[in-house]
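Some notes on the structure that comes next.
Any read-out appearing in this document is the output of simple, stated calculations on the displayed coordinates, not a laboratory observation. These numbers come from a predicted model, not from an experiment. Don't worry about glycine lacking a Cβ; one is built from the backbone with ideal geometry, like all the others, and counts go over all protein chains shown.
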Amino acid sequence: MADANVTETTTNVTENDKNPYAYLDREDFTSEKYKIEVRGLPKYYGIGEFKKLLNEKLELQLCKVKPPRKGSGWLYVCFRNEECRQRAITTINGILWKNSKLTAQVAKPAPDPFVKRKLEEEESNHKRLKTDSNCSPVDKIKFITTPLWNMPYPNQLELKQKEMKSILIKIGQQMLKESKALTDWITSQRKLYDGLPCELQTILSTDITEAYRNKCEFTIGKDTEQNKVIIGFRLSSYASGSTAVGPIDDLCHIPESMKVAVKILETFIRESNLEPFNPVNHSGYWRQVTARITRANHLMLIVGIQAQELSSDELEKLKSQLRIFFETGKGVDAHVTSLYFQTLDKKSIGGESNDTLYHISGTEYIEETLLGMKFQVSPQAFFQVNTLGAEVLYKAAIGLAEPTMDTSLLDVCCGTGTIGLCFSKHCGEVLGIEVTPDAIKDAKENAVKNNITNCEFFVGKAEDILSPVIQRATKSNIIAIVDPPRAGLHQKALLTLRKVKKLNRLVYISCDPRAAMRNLVDLARPSSKQYLGEPLVPVKAIAVDMFPHTKHCELIMCLERLSKAMKSNECTTQENTK
């Protein structure tokens, strides 16, 4: 295993483990070190406005703004170093903003939540963590990762359909609150669709609901007694006072081959003389493992290590040992197709991380099949975690979009191009946008691999390159399909889509419909100087259960221009009255 010259890092309890501010003495960057408190803020303002004041008008190099508690007249602003903090205090003190005089002063850093919780428990004479209970780690990890594991699957679908109805009702209420001009339309929609702002079709699912995940990100840590190395999921949050990791053996959504590979890797780590990373004092090395698997039984492992003070020679030794272990050693039975080693370096004082990925064995990517097409998947590229569910999702999206050969499809946040390529034979052309270069490289390779010639893919943030990409559209009709990260589509990208005259339909795919609510409300706002173009309103929605045994669900919403939606509404109403 690891070379004997590599010094083992102990994780014994020290005085620092009882000091909630010990983290400030570590070299790695934390925004808590250089924090200020700004007071005297006006009663009404937006965080975006405040950031603009600091960034653009005052030219302060802030790291982040911590949103205030509701109704408070103060907030925290964090900086990258002491010089920036002192300059900010001098600049902000006494300025007038929105008729309010601001003051700024050094803010006390927040205590480490884990250490704070431990001290509170000691004072209360609680010998066990609050996260520990009569529930075993095996059962606890089930309820954390798959909370619906013991509920019959038809009941799960019923529960999720009801949840989607509830969310759509709230979306309609919020649209009405923000736009009185939608009153007549939403009222008529509610009459047609049992109180909903649009039609909600029956929830879709796949026949296979077990072992469906093709990607998992595991934590390398120790069990509840801090004795045994475990690769699995955290049993609780850091702030709740626990860093223990629970086993994955009995989790129903993880494929058996992935479990086998993880258990084999555990033996390598246990036999090495390097400890798992300790999030309390930031000692230790082994940190995380990402596993990806495909229908063709391709298996990719990305083993992440906190490099600490390991030399380049020591890291090379570890990479060599890991490669030999899986190629010819005890790890052969894991059948790893693609092996990567990742160094997770400490964040610098500027807050930048220098994580590095090394390909050390096997192929550089794995291959997946989706709707009869082959897709290569690189280690950091996005791909839906449920392949069979993705087929159901994309078929439903194509059905809602109704593209023709005279359609230019804008695939926003396209990942490895899966959605756009699946649409390609149903439309005239596809223009895909993605911020991750490796994903775009995969998308282009996937187009060639499947002999698809009507797709182009572009690297960049949607908010930055969407306008020039739209100008490349050659068809008379534009349909946008948006599958953004959980936080939603960037406001600038949203405003760009709204004002495209040739765009009459937008399909929005959301893994967190509640988080998408702001995007959907903004797309439906009345036309104004900021919101150019006719409003886009929801006309149809379909839920797709991509995550059986969990509470999560994907929601696809089809939006159309208000005038077109109103005409369709009138036709539906007339048909219903005949």
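Table for the structure above
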item	result
HN-Hα J in Hz across the stretch 361-369 - Karplus 6.51, -1.76, 1.60, θ = phi - 60°, x for Gly and Pro	6, x, 7, 7, 8, 10, 10, 10, 10
Size of charge dipole - the stretch 192-305 - debye, nearest 20, with Cβ of Lys, Arg +1 and Asp, Glu -1, no other charges	440
Part-to-part distance (alpha-carbon centres) for the stretch 485-563 and the stretch 383-420, which is given in Å	15
Positive-pole candidate from T328, L410, F375, dipole of the chain, charges at beta carbon	L410
Gyration tensor (alpha-carbon) shape descriptor, the stretch 21-106, a/c threshold 1.5	prolate
Calculated [θ] (222 nm, deg cm²/dmol) that DSSP helices of n ≥ 4 give over the chain, each run adding -39,500 (n - 2.57)	-10000 deg cm²/dmol
Given charges at beta-carbon only (K, R positive; D, E negative), |dipole| of the chain in Debye	2740
Positive-end extreme of charge dipole, the stretch 402-486 - chosen from C455, V482, I465 (charges on Cβ)	C455
Estimated distance in nm for a label pair at E225 and A487, the labels positioned 7 Å out from Cα along Cα-to-Cβ	4.2
Cα shape, the chain, gyration tensor, a/c 1.5 rule	oblate
Of G40, N55, A22, farthest towards positive along the dipole that unit charges on Lys, Arg, Asp, Glu beta carbons give the stretch 21-106	G40
In the stretch 47-105, trypsin sites (Lys or Arg not before Pro) in a DSSP loop with at most 11 other beta-carbon atoms within 10 Å	R69, K70
Pairs from K177/K564; K51/K475; K33/K317; K51/K108 whose Cα-Cα separation, in the structure shown, is over 29 Å	K51/K475; K33/K317
Cα shape, the stretch 303-397, gyration tensor, a/c 1.5 rule	oblate
Net lengthening on full extension, Q86/I465 (0.36 nm per residue, minus Cα-Cα)	132.8 nm
